Structure formats: structure tokens, C-alpha cells
Amino acid sequence: MSNNTLCFIGGGNMARSLIGGLLADGFDPQAVRVADPDAGKRDDLANRFGVRVYADNLEAAADADTVILAVKPQVVRTACEQLVAGSGDAGRLFISIAAGVREPDLTRWLGGQAAVVRTMPNTPSLVGTGATALYANDRVKERQRELAESLMRAVGLVVWLDDEAQMDTVTAVSGSGPAYFFLLMEAIEDAARDLGLPGETARLLTIETALGAAKMALESDESPAQLRQRVTSPGGTTEHALHVLEDGEYRALMTRAVQAAAKRAQELGQMLGEQ
Ligand SMILES: NC(=O)C1=CN([C@@H]2O[C@H](COP(=O)(O)OP(=O)(O)OC[C@H]3O[C@@H](n4cnc5c(N)ncnc54)[C@H](OP(=O)(O)O)[C@@H]3O)[C@@H](O)[C@H]2O)C=CC1
Ligand SMILES: O=C(O)[C@@H]1CCC=N1
């Protein structure tokens, strides 16, 4: 990947994951600028990653080829309008990672002519196993499309969406998804401790099991349902555990959780677009 100058507006959790993943993939830290109002976060980013940090968004974005909007959805409009008022879109590429915020609104807030790629990454980007969906507006040139894709591919899987409406579902599945798996890990680890395993043993067995299951699901020709059945010996231990989960309507609960996240993404998009 060429070392274009990248500017992150917002240096919080997701920016951190992307920066860490990009640098681990060989991106030059000197080509990364980060603007954040919090001095503590700026110091931490500069010390940990060696990137350039700024309190002022315009200063950070001044000569950046690509600007990544990594603030909370509620702050995106202000950030866009401030950037455009300060330096125009200057033919640069804007990449938004904000949940819910829709491309037509981003384009409007950026003055109406900007090249915008709306994305939804996730925090495992930090360790190179992210999953990002991208959607480009029709002002994005082919080389900018390739640039956006190469940035996100450097930190994991990428998929392009033709239909922006699918982005809210993606947000609920892979954007928020790591949290569902972390919660499951927390619960299994707690149960293991309650049953008497030493803490570190409980932690390692839980995490390695999650990793093994994910790796098998990724690499196997069989579906997760088939792989589950291979663990489930008739009359055995897994069967008893799965009965408890099915009795507790685990699938329906997970469906409702994913639906709630997608609904929230839609609400955010609608609410912020109307302002
Ligand atoms: N966390 C995740 O897993 C994912 C998040 N996202 C999206 O990424 C975006 C950021 O989320 P996340 O990293 O979790 O949030 P964070 O709150 O951790 O990061 C946002 C950062 O932006 C700073 N900030 C606030 N106002 C401004 C401003 N005007 N200019 C520059 N920086 C500002 C915040 O400072 P302060 O805290 O002081 O306000 C904060 O440090 C959101 O839009 C979210 O939807 C997308 C995919 C996954
Ligand atoms: O919780 C959120 O709103 C963000 C978007 C996806 C993951 N975190």
C-alpha cells in the first residue's frame, strides 16, 4: 500500500484499532495524523504508535490525502462542516466509520461534491483480523476506491456493498459483533471459575476455544451447524448444555440483540440526517 497521508478525526477506540492494525501492516506512522480534543489520548497515541497528534482538526487534516471520520455519530456533522469551512474537500477522500450516518448526509455536510466512502470496521482490526464493509458514493474515483479498500484490507477482511441500506445490518453483525463474542467469553470464563478452575486456566481455555471454533468455522467446508453437531455426542455433555441454551431461547435472544443494534443504527441515521 502506498503511504498516503492519513488523518483521523477522533482518536478513540476504533481509530486506535485501525491505527494499530495499519502500523502492524507496515504503514508509516509519520504519515498518520490524529486529531482529538483529549490531551491524554493524544499523548497515549503518540507514545504508543509514534503518530502525529493534534488538538485542532483543521491543522491535522491540512495536507492529508485521506480523512477518516472517527468521531461519534453525533459529532460527525460538526466535524465535516468544520473541515469543509476550513479547507474545502480539496479533492481528498473522506472515509466515515460512524455507525448509522448515511452517505447522502455526509456528502451534504462536506459541501455536496466530496468523494465519500462510508465504512463499518470493527475493533479486531487492531490485530489484523477486522471485518469491514464499504460503500462508495459516485464521486469516488477508482484509485480512491482502491485506496479505501487497501487501507481496510491491511487490517482484515473487506466487502463492498452496492446497497447502502445494508450497512445498518452490517453494523449490527460485524461492527457490534465482537462485543457479543466477548460477552459470551466473559460468561463462560465466569462459569468455569465458579466451577472451580483457576482464573488463568479458565481464561486461556475459554479464549483458545473461541479462537479454535472461529478458525474451524472459517476453514471448514462444513457449516457451523454441522460443526456443532460434531461436538454433540448423543446423550453427552454438550447435548445437555445446548438444551439449556435452547430452553433459554438463546437463538431468539441473539436475533433480538442483532435486530436492536440494526434498529439503533437506523434511528441514528434518521435522527442525524434530519438535523
Ligand atoms: N468502537 C467500535 O467498535 C466501533 C466504532 N465505530 C464508529 O467509530 C466512531 C468512533 O467510535 P469509538 O472509537 O468507539 O468512540 P470514542 O468515543 O472512543 O472515540 C471518539 C473520539 O473522538 C473524540 N472527539 C470528540 N469530538 C471531537 C471533535 N470535534 N474532533 C475530533 N475528535 C473528537 C472523542 O473525544 P471525547 O471522548 O473527549 O469526546 C473521542 O476520543 C463512531 O462513529 C462509531 O460509530 C465503528 C465501528 C466499530
Ligand atoms: O456501539 C457502537 O455504536 C459502535 C458501532 C459499532 C460498534 N460500536
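Read-outs: derived from the displayed coordinates by stated rules, not from any lab. Not measured: the values here are computed from a predicted model. Using ideal geometry, Cβ is built from the backbone for each residue, glycine included, and neighbour counts are taken over all protein chains shown.
Among 146, 239, 103, whose mean-square fluctuation peaks in a Gaussian network model of the chain (Cα, cutoff 10 Å)? Greatest mean-square fluctuation among the candidates belongs to 239. Each residue, residue 204 and residue 218, gets one label point 7 Å from its Cα in the Cβ direction; the gap between the two is 2.2 nm.
Which residues among region 64-106 fall inside the zone where the amide N is under 19 Å from a point 7 Å beyond the Cα of residue 113, along Cα→Cβ? Those under the cut-off are 64-67, 80-95, 104-106.
Helix 142-153 axis versus longest C-alpha principal axis of the chain: approximately 40°, rounded to the nearest ten.
Amide H contacts of residue 5: 65, 66, each under 5 Å away and 5 or more positions distant or on a separate chain (H built 1.01 Å from N in the peptide plane; Pro and chain starts excluded).
In region 177-265, the ratio of gyration radius to Kirkwood radius, Rg to Rh, stands at 0.99 when only Cα atoms are counted.
Close amide H contacts of residue 156 (hydrogens built in the peptide plane, cut-off under 5 Å, sequence separation of 5 or more or a different chain): 130.
With 0.36 nm allotted per residue and the present C-alpha distance subtracted, the residue 274-residue 179 stretch has 31.3 nm of extension available. Model label points for residue 55 and residue 163, set 7 angstrom from Cα along the Cα-to-Cβ axis, are 4.8 nm apart.
Based on the reciprocal of the average 1/r between different C-alpha atoms, the Kirkwood radius for region 8-128 equals 14.3 Å.
Ordering 151, 120, 20 by the projection of their Cα atoms onto the charge dipole of region 6-170, which places +1 on the Cβ of Lys and Arg and -1 on the Cβ of Asp and Glu, puts 20 at the extreme positive end.
Here the Karplus curve 6.51 cos²θ - 1.76 cosθ + 1.60, taken at θ = phi - 60°, turns the phi angles of region 35-49 into couplings of 10, 8, x, 8, 4, x, 5, 4, 4, 5, 5, 5, 5, 6, 10 Hz, with x standing for Gly and Pro.
Fully extending the segment from residue 150 to residue 260 would add 36.5 nm, taking 0.36 nm per residue of separation and subtracting the current Cα-Cα distance. Here the extension length gained between residue 85 and residue 72 equals 2.7 nm, from 0.36 nm per residue of separation less the Cα-Cα distance.
Charge dipole of region 177-265 (Cα centre as origin; +1 on each Lys and Arg Cβ, -1 on each Asp and Glu Cβ, all else neutral): 360 debye, rounded to the nearest 20. Take every DSSP beta bridge whose two residues both sit in region 6-170; close to 15 percent of them are antiparallel. Where only DSSP H runs of four or more residues are counted, the chain gives -17000 deg cm²/dmol as its mean residue ellipticity at 222 nm, each run worth -39500 (n - 2.57). Judged by the mean number of other Cβ atoms found within 10 Å, the most tightly packed of the peptides 196-207, 258-269 leads the ranking 258-269, 196-207.
Only lysines eight or more places from residue 263 in sequence, or on another chain, were considered; those with a Cα closer than 22 Å are 72. Packing here is the average count of other Cβ atoms within 10 Å per residue, and on that basis the peptides 149-160, 6-17, 220-231, 34-45, highest first, run 6-17, 149-160, 34-45, 220-231.
Taking the inverse of the mean reciprocal distance over all distinct Cα pairs, the Kirkwood hydrodynamic radius of the chain comes to 20.4 Å.
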